[in-house]
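**Student:** Handing you a structure now.
Just so it is clear, none of the values below were taken in a lab; they were calculated from the coordinates. Keep in mind it's a predicted model, so treat the numbers as computed, not measured. Heads up, the Cβs are rebuilt from the backbone with ideal geometry, glycines too, and the neighbour counts pull from every protein chain shown.
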Amino acid sequence: MAFLEVNGIFKRFGKTEVLKGIDFTMDKGEVLAIIGSSGSGKTTLLRCMNFLETPDAGRIVLNGEELFNADGKYSDREIREKRLHFGLVFQSFNLFPQYTVLRNVCLAPELMKINQSEKKLSRAEKTQIRKEIEENARQILASVGLSDKLMNYPCELSGGQQQRVAIARALAMEPVILCFDEPTSALDPELTGEVLKVIRELKTTDRTMIIVTHEMGFARSAADKVIFMADGIIEEYGTPEEVFGNPKSEKTVSFLEKSLENIT
Amino acid sequence: MSFLEVTAQLSKGFLTTLQIFGITLAGALPLGLLITFGSMSKIKPIKWIFKVFVWIIRGTPLMLQIILVFYGPGLIGWDIKIDRLLAVIVAFIINYACYFSEIYRGGIESIPKGQYEAGQVLGMTKSQIFFKVVLFQVVKRIVPPMGNEIITLVKDTSLARVISVIELVKSAQDIISQKSLIWPLFYVGAFYLLFSGLLTILLNYAEKKLNYYQG
């Protein structure tokens, strides 16, 4: 059985059908790249998986557990718990500007483990949890190369550094699947490299990832599987060699041609 | 009447002014937030009740509202003795809370959606997102317009004399009518200037403190 199963996801905004039946599966440790032109529904699909949008139909099954079914009703609390299986790195970083880098990474784990805790924690326990969270955050920030920026504020960092903080912040919640929504689209070309490098490093740790991207070179070299989306459906699915080397669909061919034109 | 005597008498009036100012601020700041939540409510009837309320309060003179709070109960045959100062403070708190609520609303709506979404995907509850992520950013953004309102409040306190509360301007007027001295009325201006100057310095300091980050 597949690790992640996405079945028949439909989503409409008003009269516009954005997703018209999305099905795909993913194995554990796999890196899936989703490519396609703007408006093809890639970002909406990612947002559905992170419960930022509610699909009108379809279901999402992770590791045998049904996370979402359009027929079901979910409380805020259930959604909160379910969405923690997924992490999301935004195109525009969305760091919390008033907090330091370290605080940005520690805030959510602290709120979850201390403020949302079922049992009453003693002061000593709270201090202990805080210490563990901070230690963990320092390690994650070191792994994305930001050990020397812990006490800086987001506005003092470059876009690439901010995006790496955002990745660290998502990692601190220990998501099962980490999603990226065009993580380099808001960056200057010379800064995309450092972010893509971090994502490549995450791949070596067998992290399951879904990456919506416009970086064709990156999708081709870093992904295990590639989905090409067009007009709300999956037009083409396969390994990078299949999708980039030997595309079957007309739409894929013309999209890839245009993307390559832009590069050269 | 000597300069010192005038100063002493005006100072008494100024104390009342300070009292109106301080209590109004302490009451209207939190009440404003409540009105904001009401007027941003997803439940349509609640939202409209609050919107209409804000419209009425902002659309009528504060002077009229003070008079209404003080004489209103008597007019509808409700026989209670309302303390003058209390009536003034009640009217001021309600009036300023409405103005504050609109500033708060503007501040809250100016926070990018991405901040809420970032909090959501990190598993925060709605109230955690508001109090831990959004609120501080709102405070930073609303300091300048709030400063404006607070300075206006200093001078609006003079409206209290319409129901004979002896605040700063009224105490000067009393001197004029009793002692036939006109200069104390202008002397009053110095009190207001000094106080609003002090507040301006404080507000600038707060603004500077909050400027440790951009965005």
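**Student:** Longest span of chain A, sites excluded, free of trypsin sites (Lys or Arg not before Pro) in DSSP loop with at most 16 other C-beta atoms within 10 Å?
**Tutor:** Counting only loop sites that pass the neighbour cut-off, the longest clear stretch is A:121-247.
**Student:** If I take R0 = 22 Å and measure r between the Cβ atoms of A:K15 and A:E250 in this structure, what FRET efficiency does the formula 1/(1 + (r/R0)^6) give, to the nearest 0.05? Could you put the intermediate results ahead of the total?
**Tutor:** On the way: r = 27 Å, r/R0 = 1.21.
The formula returns an efficiency of 0.25 here.
**Student:** Assuming R0 = 25 Å, can you tell me the calculated FRET efficiency for the pair B:K47 and B:K126, based on Cβ-Cβ distance, to the nearest 0.05?
**Tutor:** 0.90
**Student:** Follow-up question, since we're still on this one. Return B:L193, A:L187, A:L45 ranked ascending by Cβ neighbour count within 10 Å, so the fewest neighbours appear first.
**Tutor:** Details: B:L193 11, A:L187 21, A:L45 28.
Going from least to most buried by this count: B:L193, A:L187, A:L45.
**Student:** Any idea how far the Cα center of the range A:101-169 sits from the one of the range B:121-164, in Å?
**Tutor:** The range A:101-169 and the range B:121-164 have Cα centres separated by 29 Å.
**Student:** Name the residue from A:A222, A:I234, A:L256 whose Cα lies farthest towards the positive end of the charge dipole of the range A:203-264, charges +1 on Cβ of Lys and Arg and -1 on Cβ of Asp and Glu.
**Tutor:** A:A222
**Student:** Also: Listed here are the pairs A:K149/B:K132; B:K42/B:K113; A:K149/A:K197; which of them are more than 20 Å apart at the Cα?
**Tutor:** Values: A:K149/B:K132 22 Å; B:K42/B:K113 17 Å; A:K149/A:K197 18 Å.
Over 20 Å apart, Cα to Cα: A:K149/B:K132.
**Student:** With only Lys, Arg, Asp and Glu charged, each at its Cβ (+1 for the first two, -1 for the last two), find how big the charge dipole of chain A is about the Cα centre; round to the nearest 20 debye. Don't skip to the end; give the middle numbers.
**Tutor:** Numbers: 34 positive and 39 negative charges, 203 e Å.
About 980 debye.
**Student:** Return the calculated 222 nm mean residue ellipticity for chain A, to the nearest 500 deg cm²/dmol, obtained by summing -39500 (n - 2.57) across DSSP H runs with n ≥ 4 and dividing by the residue count.
**Tutor:** Values: 8 runs with 97 residues, N = 264.
Rounded to the nearest 500, it is -11500 deg cm²/dmol.
**Student:** Any idea how far the Cα center of the range B:1-66 sits from the one of the range A:229-264, in Å?
**Tutor:** 63 Å
**Student:** Would you be so kind as to identify which of B:S39, B:Y96, B:F186 lies farthest towards the positive end of the dipole of the range B:3-210, taking Lys and Arg as +1 and Asp and Glu as -1 on Cβ and the Cα centre as origin?
**Tutor:** B:S39
**Student:** Average the reciprocal distances over every distinct pair of alpha-carbons in the range A:105-214, invert the result, and give the Kirkwood radius in Å. Present the calculation step by step, with values, prior to reporting the outcome.
**Tutor:** Values: mean 1/r = 0.0662 Å⁻¹.
Result for the range A:105-214 stands at 15.1 Å.
**Student:** OK, next. Using only helices, what value at 222 nm comes out for chain B when you add -39,500 (n - 2.57) per DSSP H run of length 4 or more and divide by the total residues, to the nearest 500 deg cm²/dmol? List each step's numbers first, then the result.
**Tutor:** Working: 8 runs with 164 residues, N = 215.
About -26500 deg cm²/dmol.
**Student:** Here's a follow-up. About the Cα centre of the protein assembly as shown, what is the dipole size in debye to 20, counting +1 per Lys and Arg Cβ and -1 per Asp and Glu Cβ, all else neutral?
**Tutor:** Working: 54 positive and 50 negative charges, 382 e Å.
Its charge dipole is roughly 1840 debye.
**Student:** What does the charge count around B:K155 come to, taking other residues whose C-beta lies under 15 Å from its C-beta (Lys +1, Arg +1, Asp -1, Glu -1)?
**Tutor:** Values: positive: B:R161, B:K170; negative: B:E149, B:D156, B:E167.
Computed value for this residue: -1.
**Student:** Given bins 5 angstrom wide, list per bin the percent of all Cα-Cα distances in the range A:4-263, short to long.
**Tutor:** Each 5 Å bin holds this share of Cα pairs: 1, 6, 13, 16, 17, 16, 13, 9, 5, 2, 1, 0, 0.
**Student:** Still on this model: Any idea what the alpha-carbon Rg over 2.2 N^0.38 Å comes to for the range A:1-78?
**Tutor:** Values: Rg = 12.6 Å, N = 78, 2.2 N^0.38 = 11.5 Å.
That works out to 1.09 for the range A:1-78.
**Student:** Turning to a different aspect of this structure: Measuring from the lowest to the highest alpha carbon on each principal axis, how far does the range A:25-173 reach, largest first, in angstroms?
**Tutor:** In descending order, the Cα extents are 44, 41, 28 Å.
**Student:** Given charges of +1 on the Cβ of Lys and Arg and -1 on the Cβ of Asp and Glu, with all other atoms neutral, how large is the dipole of the range B:122-215 about its Cα centre, in debye to the nearest 20? Don't skip to the end; give the middle numbers.
**Tutor:** Values: 10 positive and 5 negative charges, 72 e Å.
For this selection, approximately 340 debye.
**Student:** If you don't mind, another one. Need one number for the protein assembly as shown: average projected area of the convex hull over its C-alpha atoms, nm². Don't skip to the answer; put the middle values down first.
**Tutor:** Working: hull surface 126.7 nm².
Computing the convex hull of the Cα atoms and averaging its projections yields 31.7 nm².
**Student:** Once you order the gyration tensor axes a ≥ b ≥ c over the Cα atoms, which shape class does the range A:159-264 get: rounded for a/c under 1.5, otherwise prolate or oblate by comparing a/b with b/c? Provide the component values of the computation, followed by the final result.
**Tutor:** Numbers: a/c = 2.15, a/b = 1.54, b/c = 1.40.
Since a/c reaches 1.5 and a/b is larger than b/c, the shape of the range A:159-264 is classed as prolate.
**Student:** Give the Rg (one decimal place) followed by the Dmax (whole number) of chain B, computed from C-alpha coordinates and expressed in Å.
**Tutor:** 20.7, 71
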